1. Give the nm distances, rounded to one decimal, from A:Arg44 to the matching residue in every other copy, measuring between label points 7 Å along Cα toward the beta carbon; shortest first.
2. In the neighborhood of B:Tyr81, defined by Cβ-to-Cβ distances under 10 Å, what is the net charge if each Lys or Arg adds +1 and each Asp or Glu adds -1?
3. B:Ile71 label points, 7 Å along Cα→Cβ, one per copy: pairwise distances from this copy to the rest in nm, shortest first?
4. Over what distance in Å are the Cα centres of region A:41-77 and region B:76-99 separated?
5. How much accessible area is lost when chains B and A come together, counting both sides, with a 1.4 Å probe, in Å² rounded to the nearest 100?
6. Determine the alpha carbon to alpha carbon distance for each of A:Lys37/B:Lys25; A:Lys23/B:Lys52; A:Lys95/B:Lys23 and list only those over 30 Å.
7. Kindly report the accessible area of region B:12-108 per residue (heavy atoms of protein chains, probe 1.4 Å, no ligands, DNA or RNA), in Å².
8. What gaps in nm, shortest first, separate A:Arg59 from its twins in the other copies when you place the label 7 Å past Cα toward the beta carbon?
Number of protein chains: 2
Amino acid sequence: MTKKRQAYYTCSMEAALNVIGGKWKLTILNRLLTGPKRYGELHRSVKGITEKMLTQQLRELEEDQVIARTIYPVVPPRVEYAFTQSGEKLSDVFKALEIWGSNFQHRINPISGNADHDKSCYVLNEEAQPDQLIHNP
Amino acid sequence: MTKKRQAYYTCSMEAALNVIGGKWKLTILNRLLTGPKRYGELHRSVKGITEKMLTQQLRELEEDQVIARTIYPVVPPRVEYAFTQSGEKLSDVFKALEIWGSNFQHRINPISGNADHDKSCYVLNEEAQPDQLIHNP
DNA sequence: GGCATTTCTTACAAAAAAGTACGTACCGAA
DNA sequence: TTCGGTACGTACTTTTTTGTAAGAAATGCC
């Protein structure tokens, strides 16, 4: 999402989605939930992402003040990314998303457990119980 | 988002984002928060959206069982869209998004009030107070 | 000097999403 | 018989996003 990155929205939710949207943003932020991470760690952790994409998404998140970038003046370079105060507040959104998404998954695909669930993904402690199947009347 | 619409995800959040993501989804769902809406109503309400996009997004939301489509066999046709049970649960996510997005907006652009705020947007009753500005140390 | 390590850039190509423009069906009313 | 209103569908173009591949800087170590 090299998105327009406009500063004005007609709706707060759209603003939020612009920050969170994009193919890798949630996954990256997810990794940061367990604490600050180095560029390389993120790169290994978010599997499939290219360096270009990682850098780009991190820049955007930084621009949106969701994460902060700390450069240690060493060689080879060491750069760490961590949530800002504002970014940490996103955890509420994450929790809601996680709960709903979990239910959604169970509904769409009730058989498969979490067989191929990404272990490095943030998961709620509380068991998010799948709700019953909804049948179209 | 004619997205891949894959059924398996490694992360519930990604699943959720796939349902919610896309340029118009949130806006459309937002409108449905105040009750079932007809196709035409949505078209007028979600300003800027084309009929093709509206139809497409509605189809995807329906496919994901977030909304339900009711056809009344009359002429001219009357079609209504409404949240499913599952879709209604998204309101938690909306609330979290709305709160966070609102704070985000105030932080990014603290001066402008809600001058050009879309009146047909769902807004929380409770005042979402902007948090203080965060300065990069 | 040449190499390794880490964190990025940049130019270019491919894929995905969104937009444009126009067409269709239905049936009652004029 | 043509027209109006509603809810779409479809072919094609444009824009946006993502991916590929390569390079670059800084410095300690062999």
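The values are calculated or read from the model by the stated rules, or taken from the named source; none is laboratory data. Note that the structure is predicted; figures quoted are calculated from it, not measured. Every residue, glycine as well, gets a Cβ built from its backbone with ideal geometry; the counts of neighbours run over all protein chains shown. Ligands, DNA and RNA are stripped out before the accessible areas are found, and what is left, the full protein with its side chains, is counted by its heavy atoms. Shrake-Rupley method; radii C 1.70, N 1.55, O 1.52, S 1.80 Å.
1. In nanometres, ordered from closest: 5.9.
2. Details: positive: B:Arg31, B:Lys37, B:Arg38, B:Arg69; negative: B:Glu41, B:Glu62, B:Glu80.
Result for the neighbourhood of B:Tyr81: +1.
3. Here B:Ile71 shows inter-copy label distances of 6.0 nm.
4. Region A:41-77 and region B:76-99 have Cα centres spaced 34 Å from each other.
5. Values: alone 9610 and 9640 Å², together 14590 Å².
Summed over both sides, the interface buries about 4700 Å².
6. Values: A:Lys37/B:Lys25 32 Å; A:Lys23/B:Lys52 24 Å; A:Lys95/B:Lys23 23 Å.
As for pairs spanning more than 30 Å Cα to Cα, those are A:Lys37/B:Lys25.
7. Numbers: 4130 Å² over 97 residues.
Each residue of region B:12-108 exposes 43 Å² on average to a 1.4 Å probe.
8. 3.6
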